[in-house]
Amino acid sequence: MIKVLFVCLGNICRSPMAEAIFRDKVEKAGLTDKITVDSAGTGGWHIGEPPHKGTRKKLQELGISSQGLKGRQMTSQDLDQFDYIIGMDESNIENINKLAEQAPKANVRRLMDYINDMPVRDIPDPFFTGNFDEVHEMIDKGTDSLLEEICREKNIN
């Protein structure tokens, strides 16, 4: 089983949106028996909380469920348990890499690193910008490329 973890700052906006969108793509591709998805935050402010109302609204518009999504903080154990740890911005990557010093096996990248023609590498935090549409567009493109790369790397059809 291939395990993917999406990570942002508080785990209420970007990473749960990425988790839900990627899970939906995995289900539609018939790959739920091969790929599992989760999300976490580098900070612990929103542990146990549902996604931000902007994230829930965007997912609802897309017909994607946010049910069962709850904020949690990333731990060093995640670095051993997940094959792909995908940060939303450079700050997330720096925080993940601080944990990775304890468990250097993790494959850590920003989601936008999977898109060659994307000039912007950081997905802005809609908790501060309020722009959930922009974040959705970036996550949608990034998760398409991520799924393609996983299928190519792992020889999954």
### Task
Go through the stretch 37-50 and give me each residue that's closer than 16 Å to Leu5 by Cα and either among the charged types (D, E, K, R) or surrounded by 17 or more Cβ atoms within 10 Å (Cβ to Cβ) (or both).
Val37, Asp38, Ser39, Ala40, Gly41, Thr42
### Task
Would you mind finding the one in Met118, Met112 that is in a helix (DSSP H, G or I), of a type outside the set (D, E, K, R), in contact with a helix residue (DSSP H, G or I) (Cβ under 7 Å, 6 or more places away or on another chain) and under 19 Å from Arg152 (Cβ atoms)?
Met112
### Task
Look at Gly54 and say whether it is surrounded by 16 or more Cβ atoms within 10 Å (Cβ to Cβ), among the small types (Gly, Ala, Ser) and more than 17 Å from Met138 (Cβ to Cβ).
no
### Message
Looking at the stretch 22-39, I want the residues that are small (Gly, Ala, Ser) and have a partner that is surrounded by 14 or more Cβ atoms within 10 Å (Cβ to Cβ) and not in a helix (DSSP H, G or I) with Cβ atoms under 6 Å, at least 6 apart or on another chain. Which pairs are those?
### Response
Ser39/Phe6; Ser39/Asn11
### Query
Residues in the stretch 71-80: is at least one surrounded by 14 or more Cβ atoms within 10 Å (Cβ to Cβ) and of a type in the set (Asp, Glu)?
yes
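To keep it simple, each residue is scored yes or no on (1) more than 16 Å from the chain's Cα centre (by Cα); (2) under 17 Å from Leu79 (Cβ atoms).
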residue	(1), (2)
Leu5	no, yes
Gly10	no, no
Ile21	no, no
Lys28	yes, no
Ile35	no, no
Gly41	no, yes
Lys53	yes, no
Lys58	no, no
Glu61	yes, no
### Task
Just one of (1) within 25 Å of Asn157 (Cβ to Cβ); (2) hydrophobic (A, V, I, L, M, F, W, C); (3) not in a loop (DSSP other than H, G, I, E, B) trips up Leu31, so point out which.
(3)
### Task
Pull up the stretch 73-114, narrow it to residues that are among the hydroxyl-bearing types (Ser, Thr, Tyr) and out of contact with any strand residue (DSSP E or B) (no Cβ under 9 Å at 6 or more places or on another chain), then point me to the one that is modelled with the highest pLDDT.
Ser91
### Query
Just a yes or no: is a residue in the stretch 44-65 touching a residue at least 60 places away in the same chain (Cβ under 8 Å) and touching a strand residue (DSSP E or B) at 6+ places or on another chain (Cβ under 9 Å)?
no
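The values are calculated or read from the model by the stated rules, or taken from the named source; none is laboratory data. Keep in mind that this is a model prediction, so the values were computed, not measured. Backbone-built Cβ (ideal geometry, glycine too); neighbour counts: all protein chains shown.
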